[in-house]
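Worksheet: one structure, shown below.
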Amino acid sequence: MTDPDRLALNTATTKQWTLQQAIDGAVHAGIRGLGVWRDRVAEVGAVRAGRMLTEAGLTVTSLCRGGFLTAADAGGIGDCLADNRSAIEEAAAVGTSELVLVVGGLPPGDRDLAGARLRVADRIADLVPFAATHGVRLVLEPLHPMYCADRAVLSTVAQALDLADPFPAETVGIVIDTFHVWWDPQLPGQIERAAAAGRLALYQVNDFLLPIAADALLSRGMMGDGCIDLADISTRVTAAGYTGPVEVEIFNADIWQQDGAEVVRTVIDRYRRLVLPFLGGS
């Protein structure tokens, strides 16, 4: 994959667009990769979505998301396994090998963080054989610690890699999302560890805005608008040997109010100026 072709648009960035609009917008802008959220796939069904993406000549860089694996009761465990098996089937149907997992926070009323992390490990073990038969890798996403209680009991790349270690690299990997991990003093070494183990499945770029939004999920910004040293992280990811897609995934209410085509033009401009020069070979 040559450097200019590595840019991928994640449909979360243009949430104002339908799947068809996202496909058309990416193709019109010359973007060759699309990371797809399941809500967009649900608009038309996984089989039709896969056909639409293939006919447009797009590479599906990831499907978001599976996960929420921390349920402690039998009913909750059964529901989460069923949903994740559906997500695995959807990933295969749309043509991607990478299913991003947000592992889930603490169940209501639960304060046992260590126990929740153990249940994540158990559910991954349950899902790996099913994912492997579909040619899909489970991609663990560590989230910023402010989401630990409600969205992800994995906060660091090291934690994600520790969970991935018992499984083959082709079945469990990790994603580096700059918004979530830029703060981590262990990040440089963990990027190297992930790449050396063949587990660095995806690189997502964006920025970290202050003040934190009332809905903390919407605190991501366009590259260059926040405090993340994208040059440093991109250089380290490149030095570790990563040559895969670079997805732009941004949750931001103001961006969702803008014209989608203008958002994509800004994505391309910021990627070319702030990320691409540090990917090597550009």
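If you go through region 37-83 and pick out every residue that is closer than 21 Å to F130 by Cβ, among the β-branched types (V, I, T) and in a loop (DSSP other than H, G, I, E, B), you end up with 1. A count restricted to region 236-252 and to residues that are among the β-branched types (V, I, T), outside any helix (DSSP H, G or I) and buried (at least 20 other Cβ atoms within 10 Å of the Cβ) stands at 3.
Reported count of residues in region 19-48, each being surrounded by 15 or more Cβ atoms within 10 Å (Cβ to Cβ) and under 19 Å from the mean Cα position of the chain (by Cα), is 15.
When L58 is tested against the conditions (1) farther than 29 Å from S219 by Cβ; (2) buried (at least 19 other Cβ atoms within 10 Å of the Cβ); (3) without any contact (Cβ under 8 Å) to a residue 40 or more places away in the chain; (4) not acidic (D, E), the lone failure is (1). Of all residues in region 83-111, exactly one satisfies the criterion of being crowded, with 23+ Cβ neighbours inside 10 Å and of a type in the set (D, E), namely E90. With the structure loaded, tell me whether L34 is free of Cβ contacts under 8 Å to residues at least 40 places away in the same chain, within 14 Å of V264 (Cα to Cα), outside any helix (DSSP H, G or I) and in contact with a strand residue (DSSP E or B) (Cβ under 9 Å, 6 or more places away or on another chain) or whether it fails that test. Against the criterion (free of Cβ contacts under 8 Å to residues at least 40 places away in the same chain, within 14 Å of V264 (Cα to Cα), outside any helix (DSSP H, G or I) and in contact with a strand residue (DSSP E or B) (Cβ under 9 Å, 6 or more places away or on another chain)), L34 qualifies. Answer yes or no as to whether I88 is touching a Lys or Arg at 6+ places or on another chain (Cβ under 8 Å), without any contact (Cβ under 8 Å) to a residue 60 or more places away in the chain and either of a type outside the set (S, T, N, Q) or assigned to a helix (DSSP H, G or I) (or both). Taking the combined requirement at face value, the residue does not satisfy it.
The numbers here are math on the coordinates, done by the rules we state, and not lab data. In this text, all values refer to a predicted model and were calculated from it rather than measured experimentally. No Cβ is skipped: glycine too gets one built from the backbone with ideal geometry, and neighbour counts run over all protein chains shown.
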